[in-house]
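In what follows, a single structure is set out as structure tokens and then discussed.
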Amino acid sequence: MRHQMRNLTYKNLMAVIRKIEAKGYDQLEAERLARSVFAEFQSCPQGMSIEERVRRILTKEEWKRECREYGC
């Protein structure tokens, strides 16, 4: 059975940061995004899982492209 992240622990935070860094973000941006993912999950735990929330984060290149097209 796969481990599901639910609580903000050091191990879970680092796992999420690594997944976000793999999308092209630097460590500071990845940590900020990871903490917001956990905060969002805490406010609405019955919604998407943490893993799904991380999957929905755009890659850095996609984010830059959308910023150019639609403005930030």
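No value in this document is a laboratory result; all are computed from the given coordinates. Predicted, not measured: the structure shown is a model, and the values here were computed from it. Neighbour counts are summed over all protein chains in view; Cβ atoms, including those assigned to glycine, are modelled from backbone coordinates with ideal geometry.
Listed by chain and number, the aspartates and glutamates whose alpha-carbon sits under 16 Å from that of K60, ignoring those within fewer than 8 places in the same chain, are E21, D26, E29, E31, E69. Under the convention that each Lys and Arg Cβ holds +1 and each Asp and Glu Cβ holds -1, the size of the dipole of the chain around its Cα centre is about 220 debye.
Here's the picture: charge each Lys and Arg Cβ at +1 and each Asp and Glu Cβ at -1 in the chain, and of M48, L58, Y10 the one pushed furthest to the positive end of that dipole is Y10.
Under the criterion of Cα pairs below 8 Å and six or more residues apart, the relative contact order for the chain equals 34 percent. Considering only the other residues whose Cβ falls under 12 Å of the Cβ of A39, what net charge follows from Lys and Arg at +1 and Asp and Glu at -1? Within the 12 Å Cβ shell, the charges total +2.
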